[in-house]
Amino acid sequence: MPKVVRTADVSWEGNLARGAGSISGGSGALGGLPYSLATRVGAPEGKTSPEELVAAAHAGCFTMSLAGELTGRGTPPGRLHVTATVTLDEVPGKGHLVVRSDLTGEARVDGVDAATLAEIVEAAEAGCTISALVRASAEVTVDVRLADA
C-alpha cells in the first residue's frame with residue numbers, strides 16, 4: 001500500500017465554553033461539520049465531536065479490514081454492519097481521555113461458522129490501523145457475530 005496522507009481543517013471562534021467550530025475534510029466529503037464544547041459533552045443537537053469522528057474512523061477501518069480478511073480467505077462478505085462506540089472519560093491525574101472503543105456488529109457471509117468468524121475478526125482487528133492508534137492509549141473490544149439469515 002502506498003503512503004497515505006489525509007488532511008482536515010478546523011475553524012474555531014470564541015472561548016472554549018461558549019465558542020464553536022467547524023470541521024472539514026480535505027477530500028471535500030466532510031464539509032463544515034459543526035461542533036462545540038456544549039454539544040461535545042452534552043446532547044449532540046445535530047453536531048459532531050472529535051470522539052464521534054474517531055468512532056467513524058474506527059468502524060470504517062475495521063469494517064474494511066474485516067472485508068479484506070474474509071475476501072482473502074475466499075469467503076467475501078455479503079454484508080457487514082459495524083458500530084464503534086468511543087468513550088471519553090475522566091482519568092484521575094490525567095484529565096479527560098478516550099478510554100475505550102467498542103466495536104460491535106454483524107457479518108452476513110456464506111461458508112463461515114461462528115468459530116471461524118471469531119478468528120477472522122481477531123485478524124481484522126489486529127490489521128486495523130485505527131485500532132492500533134486507539135490501542136496505544138485505550139481499550140478496544142470487538143464483538144462481531146454472524147447475522148441471522
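What follows is calculated from the coordinates using simple rules that are stated; it is not laboratory data. Keep in mind the model is a prediction, meaning the values are calculated, not measured. Here Cβ is always computed from backbone atoms with ideal geometry, including for glycine, and neighbour counts include all displayed protein chains.
Structural remarks
- GluC sites (Glu not before Pro) lying in DSSP loop within region 1-105, provided at most 10 other Cβ fall within 10 Å: Glu45
- Nearest 10 degrees, 0 to 90: helix 114-126 Cα axis against the chain principal axis: 40
- Calculated Rg and Dmax of the Cα atoms in Å (choose from (i) 21.7, 70; (ii) 17.6, 56; (iii) 13.8, 37), label: (ii)
- Distant-in-sequence amide contacts of Val140, defined by a placed amide H-H separation under 5 Å and a gap of 5 or more residues or a different chain, comprise Ser101.
- Estimated FRET transfer efficiency when R0 is 41 angstrom, pair Asn15-Arg108 (beta carbons, to 0.05): 0.30
- Distance in nm between pseudo-label sites at Glu52 and Asp143 (7 Å out along the Cβ direction from Cα): 2.4
- Residues whose placed amide H lies under 5 Å from that of Val109, excluding near-sequence neighbours: Gly78, Ala147
- Extension gain (nm, one decimal) between Val91 and Val5, 0.36 nm per residue minus Cα-Cα: 27.8 nm
- The 3J(HN,Hα) values that the Karplus relation (6.51, -1.76, 1.60; θ = phi - 60°) gives for region 67-75 are, in residue order, 4, x, 5, 5, 5, x, 9, x, 10 Hz. Gly and Pro appear as x.
- 3J(HN,Hα) along region 102-112: 9, 9, 10, x, 10, 10, 9, 8, 7, x, 10 Hz, from the Karplus curve 6.51 cos²θ - 1.76 cosθ + 1.60 with θ = phi - 60°, whole Hz, x for Gly and Pro.
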